[in-house]
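> I have a structure here, written as structure tokens, and I will follow up with some questions on it.
Just so you know, all these numbers are worked out from the coordinates, no wet-lab data involved. As the structure is a prediction and not an experimental result, all values here were calculated from the model. Glycine also receives a Cβ, built like all others from the backbone with ideal geometry; neighbour counts cover every protein chain displayed.
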């Protein structure tokens, strides 16, 4: 597991704090011990200014989320990819299929859009990826599973996947089966836990068998384990709990 970086923190976890104080919140993230983050918006900053803050704190934005609407529009796509380069990212991640495209035909369009964007991204030295929710893994039209369309209709060289473990479990899918089915396609993993009642909870406090799941993920090619909590009561405490849990599993690499 030595070649797995991180862990990283999905900054969506801290969105309420970032909306008030970007620099102070990122300083707190660095103080916890994180050296990688995944962006979910810039919170009023320009890309270069945000990069400067990250650099001062010795943080790296390994990935960032960009919506399908932007990725499917050439001008907005190119601007977003250029910002990703400014920020030093390796990955640009589509966070979800738009609601109006959540049909078999719609997912085929999403797959085509991802492939087109992925080709441009690769030419710029970036990788494109898609992040799943439960609806991606739930059978739809005629029993078709949307995620099957995305996996089949995208080129592995152009489109990777960010496996959100929580949402896979909510959909009733064993993440191990996905990892075994498409090894090498999941370089990014959202490490997000689920309480017994289905609620979000701090990583390590819920029902997911992370030792088993993360061992399988890294064996299947995951390189960035990204802590996330969608609705934390205390965002920094949740971020710290996730870091501590992965540290205790031996998933923390030293700062370089």
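> Most fluctuating residue of 24, 64, 106 in a GNM of the chain with Cα springs under 10 Å: which is it?
The residue with the greatest mean-square fluctuation here is 24.
> Using r as the Cβ-Cβ distance of residue 170 and residue 56, and R0 as 30 Å, what FRET efficiency do you calculate, to the nearest 0.05? Write out the running numbers ahead of the final one.
Working: r = 38 Å, r/R0 = 1.26.
For residue 170 and residue 56, the calculated efficiency is 0.20.
> What ranking, highest mean first, results for peptides 32-39, 7-14 when packing means the other Cβ atoms within 10 Å averaged over each residue?
Going by the mean number of other Cβ atoms within 10 Å, highest first, we get 7-14, 32-39.
> Which whole-number percentage describes the relative contact order of the chain, with Cα contacts under 8 Å and a sequence gap of 6 or more?
Details: 469 pairs, mean separation 55.0, N = 256.
Normalised by residue count, the contact order of the chain is 21 percent.
> Based on the Cβ-Cβ distance of residue 31 and residue 108, what FRET efficiency does E = 1/(1 + (r/R0)^6) give at R0 = 35 Å, to the nearest 0.05? Can you show the working numbers first?
Values: r = 45 Å, r/R0 = 1.30.
Working from the Cβ atoms, E equals 0.15.
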